[in-house]
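The values are calculated or read from the model by the stated rules, or taken from the named source; none is laboratory data. These numbers come from a predicted model, not from an experiment. Neighbour counts run over all protein chains shown; Cβ positions are idealised from the backbone, glycine included. Heads up: the accessible areas ignore ligands, DNA and RNA and are worked out on the full protein's heavy atoms, side chains in. Shrake-Rupley method; radii C 1.70, N 1.55, O 1.52, S 1.80 Å.
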Amino acid sequence: MSTSASIQEGLEKSRAAPASRAFSCPRNFLGNRFVYVVVSARARGLSIGINMNPDRFCNFDCAYCEVNHELPPTDRALDTSVMEGELENTLFQVRSGSLREHAAYRGLSDELLQLRHVALSGDGEPTLCPNFTEAIQVVVHARARNPHAFFKLALLTNGTGLDLRPVQDSLQYFTRDDEIWIKLDAGTQSYMDRVNRSRVPLERVISNILLVARQRPVVIQSLFPLILGQEPPPQEIDEYILRLIDLKRAGARISLVQIYSAARPIAHPDCGHLPLKKLSQISHRIKAETGLKAEVF
């Protein structure tokens, strides 16, 4: 059986098991302050996440965001010394199998509990973390101390801070196996204003995608929600696909386009899950019209 087929079998088994809702479960901090685990469909299994923005600072206010900004944060800043110890302990739990001692993970297959990456993500925009470089160095050093248990890094970003000098300098620590996932949810400024609700112009996101994707392959992550029961307008999907075409023509190396919708509990009640049929149609158009690889999650 191929690796992809084995992964798919693991996904199917997990859906039939008591823990079948694993993909829609919220992050589990396991008693930590900054480091959490989550079973992610887009990661194809277990992801260890680092909450780079415990203060929940973000320059987007996405309609589909799962973070409840009305609740006071427990920490105002990322303490990298604490995070380092939490990461080491969480890595040990994953590698030793003791993660299965937690009820949420007992029914999951080995495939789903295989560590896929350590994600720089969290409750805000990670590239706006004041000690972004220090956090990257801590994680890279943790990886270097365990050469026989290599893990991949993944930066999950809305793209707006990728041009910042500390971020550009820190990306030099990334290996060719590491990944950068950049959000692109819209093809027009008006739709971005509706979905991402940010003062950052769409053109800056596009420019920053191009800045990084000319240096290394990137993953585009695109979430299409229902908003007040309405699907994205057809003309918006047209414009979104044109953006991908323009990026590719300008030299952007895009290894994958992830198409998905709101899944975990959402803080905004006006937002819902776009039907799988519609997501599949968008994915099919991307593959047909851009030649890029696209997958639905």
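Computed on the chain, with alpha-carbon pairs under 8 angstrom and 6+ residues apart, the relative contact order is 18 percent.
Evaluated with a Cβ-only charge set (Lys, Arg +1; Asp, Glu -1), the chain carries a dipole of roughly 700 debye about its Cα centre, given to the nearest 20. Pairwise Cα separations in region 94-241 fall into 5 Å bins from 0 onward with the following percentages, short to long: 2, 8, 16, 18, 15, 14, 12, 9, 6, 1, 0.
Could you compute the FRET efficiency for Gln230 and Thr175, with r as their C-beta to C-beta distance and R0 at 51 Å, rounded to 0.05?
Calculated transfer efficiency: 0.75.
Applied to region 277-289, the Karplus parametrisation 6.51 cos²θ - 1.76 cosθ + 1.60 on θ = phi - 60° returns per-residue 3J(HN,Hα) values of 4, 5, 4, 5, 5, 5, 4, 4, 5, 4, 4, 6, 9 Hz, with x for Gly and Pro. Kirkwood hydrodynamic radius computed over region 72-165 comes to 15.0 Å, based on all pairs of distinct alpha carbons. Over region 120-210, accessible surface divided per residue gives 42 Å², non-protein components excluded, 1.4 Å probe.
By per-residue mean of other Cβ atoms within 10 Å, what is the highest-first order of 206-214, 100-108?
On the way: 206-214: 18.7, 100-108: 15.0.
In decreasing order of mean packing, 206-214, 100-108 become 206-214, 100-108.
Computed from the Cα positions only, the extents of region 242-290 along the three principal axes stand at 38, 21, 17 Å, in decreasing order. If you take every DSSP beta bridge whose two residues both sit in the chain, what share of them, in percent to the nearest 5, is antiparallel? Roughly 30 percent of the beta bridges in the chain run antiparallel, per DSSP.
Based on the convex hull around the alpha carbon atoms, the chain presents an average projected area of 15.1 nm². Enter the Cα centre distance for the pair region 106-124 and region 225-297, rounded to the nearest angstrom. Centre-to-centre (Cα) distance: 23 Å.
The H on the amide N of Gly49, modeled in the peptide plane, is under 5 Å from the matching H of Tyr36, Val37, Val38, Ala119, each at least 5 residues off or on a different chain. In region 173-297, Cα pairs under 8 Å separated by at least six residues give a relative contact order of 27 percent.
Comparing region 165-291 with the 2.2 N^0.38 Å rule of thumb, its C-alpha radius of gyration ratio is 1.09 (two decimals).
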